[in-house]
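I have a structure here, written as structure tokens, and I will follow up with some questions on it.
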Amino acid sequence: MQALSPLTISLVQGATRWHDAPANRAYYGELVRRVAGHSDLIVLPETFLSGFSNDTSASAESMDGEGVAWLRALAAEVDAVLCGSLAIREGGTVYNRLLWMCPDGSHVAYDKRHLFRMAGEHTRYGSGRERPIVELKGWRILPQVCYDLRFPVWLRNTRLESAPGGMAYDLALFVANWPAPRRQPWRTLLRARAIENLSYVIGVNRVGVDGNELPYAGDSAVIDPLGEPLVELGAQEQVVSVRLDPAPLLAHRERFPAWMDADEFGLKLD
């Protein structure tokens, strides 16, 4: 397996246009191009082509639609992995689907597992059943979506001796539309997930006000395994890059191997 190498990640915190995919493609395309040639991974918010909407007839596309094709072409253009979620219709079901799009056109999909019932998401979207881990420059990365952040059992890291970093994943990544009134849980949970899983954590949220008049405060962040922020964004449009060094992560796992005392359990998916 490839050893972990320094990884440059760009956080794209934008004000998503409501139910306007063409405008969002133009808007986020311009933001992404700002870091072309300087990033290995560029992260966009949750449902960045539509906003977080329960109107699936207006927001959902197919995997053969313009949104996925645009994402594929943009990843090739900027020569970096692009990551963000879209409302994707497959058969008779719509999924809040995170796409990990590689420059060569290949991709990995993660369908949001935990659906936000307080907004009725569970009545209109299908729930995912898989928890893929992707690899980039030796790093094992767990991509997740918004409300998933609240569920530590689903996110629990485990020992994996065959992995370069010694654990199942080295970085957990959350794309979100997390409203400003709940910004304190967002900030707190990002730190908690990093500490308990001996992992870097990245959260990318949106800013602005959506079509339901919900405000978003951004607060996108990069958190180290001790729960300390390496980057904290404000409440405005920002594109910020950070270089993650594997050495502090590996050293922390060596001197503080909390995984040795963790409880063993399994997940049962319905």
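Read-outs throughout are calculated quantities, based only on the coordinates presented, and are distinct from any laboratory measurement. What you see is a predicted model, and the numbers here were worked out from it, not measured in a lab. Glycine gets a Cβ as well: all are built from the backbone with ideal geometry, and neighbour counts include every protein chain shown.
If you rank Ile195, Ile9 by fewest surrounding Cβ atoms within 10 Å, what's the result? All intermediate terms of the calculation are to be shown ahead of the outcome.
On the way: Ile195 17, Ile9 28.
Ordered from fewest to most neighbouring Cβ atoms within 10 Å, Ile195, Ile9 come out as Ile195, Ile9.
Continuing with the same structure: Within a Cβ distance under 9 Å of Glu232, other residues only, what is the Lys/Arg minus Asp/Glu net charge?
Result for the neighbourhood of Glu232: 0.
Another question, if that's okay. Which order do the peptides 197-208, 150-161 come out in when sorted by mean C-beta neighbours inside 10 angstrom, highest first?
Values: 197-208: 25.6, 150-161: 14.1.
Answer by packing, highest mean first, reads 197-208, 150-161.
Can you sort His38, His252, His114 so the residue with the fewest Cβ neighbours within 10 Å comes first? Don't skip to the end; give the middle numbers.
Working: His38 12, His252 16, His114 19.
The fewest-first ordering by Cβ neighbours comes to His38, His252, His114.
Would you mind getting the Kirkwood hydrodynamic radius of the chain from its Cα pairs, rounded to one decimal in Å?
Details: mean 1/r = 0.0540 Å⁻¹.
Its Kirkwood hydrodynamic radius stands at 18.5 Å.
How far apart, in nanometres, would the label points at Arg117 and Ala69 be if each is projected 7 angstrom from Cα along the Cα-to-Cβ direction?
Result for the modelled spin labels: 4.0 nm.
Could the peptides 222-228, 61-67 be put in order, highest first, of the mean number of other beta-carbon atoms found within 10 Å of their residues? Write down the numbers at each step before the final one.
Details: 222-228: 18.4, 61-67: 14.9.
Descending packing order for the listed peptides: 222-228, 61-67.
Given the DSSP H assignment, sum -39500 (n - 2.57) over each helix run of at least 4 residues in the chain and divide by its residue total; what's the result at 222 nm in deg cm²/dmol, nearest 500? Before the final figure, lay out the partial values.
Values: 7 runs with 63 residues, N = 270.
That comes out to -6500 deg cm²/dmol.
While we're here: Rounded to whole Å, give me the distance from the Cα center of segment 193-244 to that of segment 26-52.
14
Starting at the first residue of segment 49-59, write each ³J(HN,Hα) from the Karplus equation 6.51 cos²θ - 1.76 cosθ + 1.60 with θ = phi - 60°, in whole Hz, x for Gly and Pro.
9, 9, x, 7, 10, 8, 8, 5, 5, 8, 9
Right, here's the next one. Taking the Cα of Val231, stepping 7 Å toward and past its beta carbon, and measuring to each backbone N in segment 169-200: which are under 20 Å?
Correct set: 170-178, 186-195, 199-200.
Set the Förster radius R0 to 35 Å, insert the Cβ-Cβ distance between Thr188 and Asp20 as r into 1/(1 + (r/R0)^6), and round the FRET efficiency to 0.05. Mind showing how you got there, number by number?
On the way: r = 33 Å, r/R0 = 0.93.
So, using R0 = 35 Å, E works out to roughly 0.60.
Contact order normalised by length for the chain, with contacts defined as Cα pairs under 8 Å and 6 or more residues apart; what percent is it? List each step's numbers first, then the result.
On the way: 599 pairs, mean separation 55.1, N = 270.
In percent, rounded to a whole number, it is 20.
In addition: Angle between the Cα long axis of helix 66-78 and the longest principal axis of the chain, 0 to 90 degrees, nearest 10?
Tilt of helix 66-78: around 50 degrees.
So, in nm, how far is label Ser127 from label Asp104 when the simple model puts each one 7 Å beyond its Cα toward the Cβ?
Taking the simple label geometry, Ser127 and Asp104 are separated by 3.5 nm.
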